[in-house]
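Just below is one structure, and these are the notes that go with it.
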Amino acid sequence: MKRLVFILGMMIGCLSINAKTLIVYYSFTNNIEKIVNELSEQIDAEVVEIEPAEKGLDYAANNYAIGSAQIGAIKNNPDDSSSYPAIDPVDVNLDEFDTIIIAAPLWWSQMAAPLQTYLFHNGKEMAGKNIGLIVSSASSGISGVEEDAKRLIPDGKFLSPSLWIRSSQTPNASSLLENWLKEIDYEKLTSGIDCVSSNVATDFTVYSLSGKQLMYKSKSIASLQAGIYIINGSKTYVSR
C-alpha cells in the first residue's frame, strides 16, 4: 500500500510516486555478481545478495555434485521446506518495492538452489509486483529457471522477455542489460506517474493533511473539493 499526496483539480490530476526496484541475486562463479554490478550502474535499485548458510562449500567439486544434489532434492519435494538449502537471513521489506529483478545462475537447467530457497519463503509476498528475470548459464537454455521462478512467485507479474546472458557474454553485460531494459520498457514501468480522477479502479482511503479520515475505501472522489489530500491505497491508472 502506498501513501500518496496529490492536488485534486477539476481535471485529472497526475502525481509522482516512489516506484522502487529491488535486485535479488545469488552468485557462485561471480558472473551474476558482475552482471548485477553493471545493472546497478544503469538503474536506481536496492540490491540483496543471497548467501548459503553453510560456508566454504565447493559447488564445483565432482562436477558440481553438491549443487546437483540440492536441485534433485527440490525437484523431488518442491513443496517441502526441508528440501531447500539453508540461507543467511535476509532483512528486506518487500512491501516497499514495485519491481523485483531476480538474477540467477543456472544449475542443471534449474535456478540455483540458494535462490530458490529465498523465493520459496518469500515468493508469495511478491504477488502483484513486476518480476524481471536475468539468468546466467554456460550453454543450456533458461526455460527451467523461468519455470522455477513462476512456481515460486505464482502471482508475480512477469516481465517479458527474460534476459539470458551466457557466461561468455558477461564482459558485454552492460549493452545487453541496456537493450533488455528498453525491451521491458523499464523507464515507463518505474516512472512513478499515476493519474487519478473521479472514476477510479480501486478502493482507497482519503485523509486531510492533519490526518483526519475523510473517506474510507471509496471508489469516487467526486465529492471532494479542490485541495491537497493524502491517499492510502493501491496505485490507480484511470481515465476520465
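The values are calculated or read from the model by the stated rules, or taken from the named source; none is laboratory data. Everything numeric in this text was worked out from a predicted model, so none of it was measured. Cβ coordinates were reconstructed from backbone atoms using ideal geometry, including for glycine residues, and neighbour counts include every protein chain displayed. For accessibility, only protein heavy atoms count, side chains too; no ligands or nucleic acids. Shrake-Rupley method; radii C 1.70, N 1.55, O 1.52, S 1.80 Å.
Per-residue accessible area (protein heavy atoms, 1.4 Å probe) orders Asp98, Asp79 as Asp79, Asp98, starting from the largest. Distance check, please: which entries in Lys75/Lys157; Lys34/Lys182; Lys157/Lys212; Lys150/Lys188; Lys55/Lys182 exceed 26 angstrom between their Cα atoms? Exceeds cut-off: Lys157/Lys212; Lys55/Lys182. For the peptides 40-50, 26-36, the ranking by packing is 26-36, 40-50, with the highest mean count of neighbouring Cβ atoms within 10 Å listed first. The local environment of Leu94, defined by Cβ-Cβ distances under 12 Å, has a net charge of -3 under the rule Lys, Arg +1 and Asp, Glu -1. Summing +1 for each Lys or Arg and -1 for each Asp or Glu, what net charge is found among the other residues whose Cβ lies under 11 Å from the Cβ of Phe28? Around Phe28, the surrounding residues sum to -3.
Across the accessible surface of region 137-195, with the other protein chains kept in place and a 1.4 Å probe, carbon and sulfur atoms take up 47 percent. The translational diffusion coefficient of region 39-137, from Stokes-Einstein at 10 °C and 1.306 mPa s with a Kirkwood hydrodynamic radius over alpha carbon pairs, comes to 108 µm²/s. Summing Lys and Arg as +1 and Asp and Glu as -1 over all other residues whose Cβ lies under 12 Å from the Cβ of Thr170 gives a net charge of 0. Largest to smallest in accessible area, the residues Tyr25, Tyr64 fall in the order Tyr64, Tyr25 (1.4 Å probe, all protein chains included).
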